Amino acid sequence: MSGRQVAVVGAAGCEPDSVAAQMAEEVGRHLAGAGVTLVCGGLTGVMEAACRGAKEAGGSAIGIVPGSEMSEANPFCTHVVATGIGHARNLAVVSSGQAVIAIGGEWGTLSEIGLARAIGRPVIALRSWTVSGRGSMEDAPGVRAAETAREAVDLALAHEAP
């Protein structure tokens, strides 16, 4: 694989002027500035904001949409994969990045965090879910918290491609 990719996940329902959307746009800009392709679910909210930031900074954003129509994707996706598999596409999203940056989020974001860790991808939680468990899952191994977009991108890029 010649280029690096980082998955960005978060709520489709976040408002365009929200803190989460602002952070997502900044994450997209930082990824593009580092020459990294952004991969996301391709819809609205956090995904659209991250794609906007990447595209406006001259980068690429791949949207892996849940339906079978490429027109579902937000207008800032530079490439679209129409899956027709609904929420199951979350696995394709997190599998396509060397790391996953979770920004805010709802239940779908939590599922993506779990899937990412199940396949060994590191997760950077940017004001997102906090998770913990018992035994070997105590302290959520492989999930790191970040407070800023720059910190999240730096942590994600510190990992080698799988």
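The values are calculated or read from the model by the stated rules, or taken from the named source; none is laboratory data. Remember, it's a predicted structure, so these values are computed and weren't measured experimentally. Only protein heavy atoms, including side chains, enter the accessible area calculation; ligands, DNA and RNA are left aside. Shrake-Rupley method; radii C 1.70, N 1.55, O 1.52, S 1.80 Å.
So the values come out like this:
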| quantity | calculated |
| --- | --- |
| Kyte-Doolittle at least 1.0, axis length at least 27 Å by Cα - qualifying DSSP helices, the chain | none |
| Karplus-derived HN-Hα couplings along region 96-102 (A = 6.51, B = -1.76, C = 1.60, θ = phi - 60°), whole Hz, x at Gly and Pro | 8, x, 6, 8, 10, 10, 9 |
| The chain: relative contact order as a whole-number percent, Cα under 8 Å and 6+ apart | 22 percent |
| 5 angstrom amide H check on residue 42, placed H, neighbours 5+ away | 64 |
| Residues of the chain: accessible area per residue with a 1.4 Å probe, Å² | 47 Å² |
| Amide H contacts under 5 Å for residue 102, placed H, 5+ residues apart | 9, 124, 125, 126 |
| Percent accessible area from carbon and sulfur atoms, the chain, protein chains only, probe 1.4 Å | 53 percent |
| Cα centroid separation - region 78-112 against region 113-155, whole Å | 15 Å |
